[in-house]
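Contents: one structure, followed by commentary.
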2 protein chains.
Amino acid sequence: MKNIYVGLVGFGTIGTGVVKIIDENKDLIEKRLGCSLILKRICDLDITTDRGISLDKGILTTRVDDLLNDPEISIVIELIGGIEPAKSIILRAMEKGKHVVTANKALLAHHGPELIDSAFRNQVDIGFEGSVGGGIPIIRSIKEGLAANRIISILGILNGTANYILTKMTDGGGKFQEILREAQHNGFAEADPSLDIEGIDTAHKLAILVSLCYGTKVNFEAIYTEGISRITPLDIEYTKELGYRIKLLAISKGTDGEIEARVHPTLIPAGHLLSKVDGTFNAIFLTGDAVGSTLFYGRGAGKMPTASAVVGDIMEAARNIMRGITQRVPTFSYQTDALQAMKVKDINDISTRYYLRFSAQDQPGVLSKISGILGKYGISISSVIQKGRQVLGAVPIFMLTHEAKEANVRKALKEIDALPVTAGETMIIRIEDQFSLGE
Amino acid sequence: MKNIYVGLVGFGTIGTGVVKIIDENKDLIEKRLGCSLILKRICDLDITTDRGISLDKGILTTRVDDLLNDPEISIVIELIGGIEPAKSIILRAMEKGKHVVTANKALLAHHGPELIDSAFRNQVDIGFEGSVGGGIPIIRSIKEGLAANRIISILGILNGTANYILTKMTDGGGKFQEILREAQHNGFAEADPSLDIEGIDTAHKLAILVSLCYGTKVNFEAIYTEGISRITPLDIEYTKELGYRIKLLAISKGTDGEIEARVHPTLIPAGHLLSKVDGTFNAIFLTGDAVGSTLFYGRGAGKMPTASAVVGDIMEAARNIMRGITQRVPTFSYQTDALQAMKVKDINDISTRYYLRFSAQDQPGVLSKISGILGKYGISISSVIQKGRQVLGAVPIFMLTHEAKEANVRKALKEIDALPVTAGETMIIRIEDQFSLGE
């Protein structure tokens, strides 16, 4: 049986998972591939910590050149994360004709085009299934299984930490900061959680999905990104009462020549499958013109689920090596010469429904003033809840609007927040219950 | 741009969908493939009915040899269904070195090994993504995205008609026969619905999934198959009260050297994602040793969703033709020489929890007699509901058991049903709320 030699750079949590799968599922992998995967070198700055795996000591190295200069190694796995030195290592590996597997979403979101070009120029493959949705095979599904479809929309719960916090707030009613601290304590959130809770990690993943769905070199900076740290128990409670759940969603919709791409907390109907995606799970709700609505669900992060995706990619590279081919499927789903720039719609130009929570003084006429200003900007109200209860000296008023243009909503809220009868900034959460959620 | 010529056999609903996608998404397909798909011939016994698509008349033929003998045609799509003449056409196409795409689940379930062997011998590919779960890319996900995993279990809602009927019964409380008639009237059920409601169609699909997951030539006849026609509104109502939903599930679990493979109505917890899969939708809940729990959801049948899968397969064949390769991924996921026979566990040997509905005479001591017999066979009860209400002169008693062996349950029920104080056969529905449903 032919041996295919693999080098791993980055022996952290996921790297350890990869080694474990290649070892424990060796027979299964061979039966599926018809060849053996041999992990020849592992490179990490730390080669002394015990990862709970027995390895031939000679495998470990702190010098990445030991992998890159080894002509026998045909697949390099990059699992160090971040931009540098990951980027340089990947580019050097490709220049040496090695295939690359990575789960590095930040790198792909920021430098995707450069990596695609290098893979194409060097005629190697780069697999990145682990970069979005952990073990969920969403990238392969977009590139192959659903390749016949025009993608109408993608809605994704793509960050386990944010979803864990929102789930806990929904189930138990705690405050954001308290639950975040608890999540940090339990290892479900990083010491610096900003990438996760401010939506940046989700936006990285959305950038990758958008590129694959629409064949575009998306400009990451153009993705409107808003996190979940402003969500209060009051918002959770009243959205529940209104028949919704709050999720941090990555949203993209394709329209002629333009795309929407945004990340923000979103109200979705409590009956919808996406609202049942709880805890650290991820899901992608994708609608295609032929296939209609689909949902892909699974663990979006963690050692073994992400390693499952990484080893899947190694196996794909091995199949291609066995057949002597590369670039069977283009890296970003479209032929390199068919990739095109597409304008991402400005957030001010989107139209959607809104949940608004006003903080009003408890005096007559406030509702009339608020609704008057909304009306002036063409924003019509579909439902209102106002209860006597005071919160910090003000009375909350909850409102759902019909579809309105974001620019108008912003203008209206600016006026409303400046009224003497309102107290503090109005909370605004966009609603998704239109065509993109299917039947 | 290179042209790849395709021939279609079977110009029915799905065939029409395939022609529509190849026509309407031509530019998208070319941008993804880097080549053109040209539909050169369409063969059907009926070439006069208007399918609402404008076609060059010269394309249509009633002679399948016009496709099979055309050396320019490299991909043959079989969409006539059933065993013959589909099987002979596919085998002849493969012998002529043509790749095949089909959605024919009955053929694959009954003659899978023969088709695999022929594809391998002739070094061509056979795509069958459309045969399970309609547009859901589950087959590709098992063969590639999740290829690094040992599959621990699969639970599938794989038949839209059966799921539609159960959903309607759950939502509105009607009787099976009434809802079936309504479904037939609305086009959601066939005039002869037995394949769908008796679980046979689901079993065909399960046979395919089991083969892919475990690399085995599964014996279709060994799959225990039970349909939904015995489910009554009473079962629906009380399972709801007990916190469950009834779904027709395809279940497979891999244990050492043996597999479970069965199709039957199943109670699943109302909070589980699978219980939210309603109407004609399908879903596959798959657990792998590395990836953990995953769910794949979408339209399991119908013109465009199935055509989405078929065109995805045509595109895969085209990519392989462009690279001059075949059999990149083995047809049934394992290398042909690694496929092995595996014993399907006899239904009597499975252990699970059970929902039992007894029809008892309304007199003292009945419950004691029933529970006595259950106890004798080592079956312990986890909950009981007995309400005064009489149904056809008898009182229903609802019971959930702890895990028990099927053989013991059957013996116990045989004794119980023979008691003078019971009236009619006990209803038995298996419960799935163990490890296979994940967290």
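Computed about its Cα centre, the charge dipole of chain B is approximately 500 debye, with only Lys, Arg, Asp and Glu carrying charge at their Cβ. Bridges between two residues of chain A, per DSSP, are antiparallel at a rate of about 65%.
Toward the positive end of the charge dipole of chain B, with +1 on the Cβ of Lys and Arg and -1 on the Cβ of Asp and Glu, the farthest Cα among B:Phe358, B:Ile370, B:Ser380 is that of B:Ser380.
In a simple Cβ point-charge model (Lys, Arg +1; Asp, Glu -1; nothing else charged), segment B:336-439 has a dipole of about 380 debye relative to its Cα centre.
Kirkwood hydrodynamic radius of segment A:363-425, from the reciprocal of the average inverse Cα-Cα distance over all distinct pairs: 12.3 Å. Each Lys or Arg adds one and each Asp or Glu subtracts one; over the other residues with Cβ under 13 Å from the Cβ of B:Ile38, this totals -1. Think of the protein assembly as shown as having a plus end and a minus end, set by charges on the Cβ of Lys, Arg, Asp and Glu; of A:Ile38, A:Asn163, A:Val344, A:Asn163 sits farthest toward the positive end of this dipole. The angle separating the long axis of helix B:176-185 from the principal Cα axis of greatest extent in chain B is about 20 degrees.
Between segment B:309-332 and segment A:144-179, the C-alpha centres lie 34 angstrom from each other. Any chance you could give the angle, 0 to 90 degrees and rounded to 10, that helix B:366-376 forms with the longest Cα principal axis of chain B? For helix B:366-376, the angle is close to 60 degrees. Model label sites at B:Asp50 and B:Glu182, defined 7 Å from Cα along the beta-carbon direction, differ in position by 3.4 nm. Scaled against 2.2 N^0.38 Å for its residue count N, the alpha carbon radius of gyration of chain B is 1.08. Ranking A:Asn320, A:Gly257, A:Leu413 by how far each Cα lies toward the positive end of the dipole of the protein assembly as shown (charges on Cβ) leaves A:Leu413 at the top. The antiparallel fraction among DSSP beta bridges confined to the protein assembly as shown stands at about 65%. Computed log10 I(q)/I(0) for segment B:139-299 at 0.16 Å⁻¹: -0.88, from the Debye equation with unit scatterers placed on every C-alpha and solvent omitted.
Counting neighbouring beta carbons within 10 Å and listing from fewest to most, the residues A:Ile4, A:Ile397 come out as A:Ile397, A:Ile4.
For the residue pairs A:Lys240/B:Lys276; A:Lys96/B:Lys98; A:Lys98/B:Lys26; A:Lys26/A:Lys303; A:Lys247/B:Lys253, alpha carbon separations beyond 30 Å are given by A:Lys96/B:Lys98; A:Lys98/B:Lys26; A:Lys247/B:Lys253. Computed from Cα atoms alone, the Kirkwood hydrodynamic radius reported for the protein assembly as shown is 29.0 Å.
Shielding by partners for peptide A:297-309, expressed as the average number of C-beta atoms from other protein chains within 10 Å of each residue's C-beta, is 5. Ranked by the mean number of other Cβ atoms within 10 Å per residue, highest first, peptides B:314-326, A:357-369, B:289-301 order as B:289-301, B:314-326, A:357-369.
Across peptide A:201-208, the mean count of Cβ atoms from other chains lying within 10 Å of each residue's own Cβ comes to 0. Rounded to the nearest whole Hz, the Karplus-based 3J(HN,Hα) values (6.51 cos²θ - 1.76 cosθ + 1.60, θ = phi - 60°) of segment A:109-119 follow the sequence 5, 8, 10, x, x, 5, 5, 4, 4, 5, 4, with x at glycine and proline. Seen from B:Asp192, the other residues with C-beta closer than 15 Å to its C-beta sum to a net charge of -3, counting Lys and Arg as +1 and Asp and Glu as -1. Ranked by how many other Cβ atoms sit within 10 Å of their own Cβ, fewest first, the residues B:Tyr224, B:Tyr377 fall in the order B:Tyr377, B:Tyr224.
Past the 31 Å Cα-Cα mark, which pairs from A:Lys217/B:Lys105; A:Lys168/A:Lys345; A:Lys2/B:Lys143? Correct reply: A:Lys217/B:Lys105; A:Lys168/A:Lys345.
The local environment of B:Ile157, defined by Cβ-Cβ distances under 11 Å, has a net charge of +3 under the rule Lys, Arg +1 and Asp, Glu -1.
If only the Cβ of Lys and Arg carry +1 and only the Cβ of Asp and Glu carry -1, the dipole of segment A:256-391 around its Cα centre is close to 520 debye. When each of A:Leu234, B:Leu356 is scored by the number of other beta-carbon atoms lying within 10 Å, the sequence from fewest to most is A:Leu234, B:Leu356. Helix B:406-417 and the longest principal axis of the Cα set of chain B meet at an angle near 50°.
Read-outs throughout are calculated quantities, based only on the coordinates presented, and are distinct from any laboratory measurement. Owing to the predicted nature of the structure, the values given are computational and were not obtained by experimental measurement. As a convention, Cβ positions derive from the backbone with ideal geometry for all residues, glycine included, and neighbour counts pool all protein chains shown.
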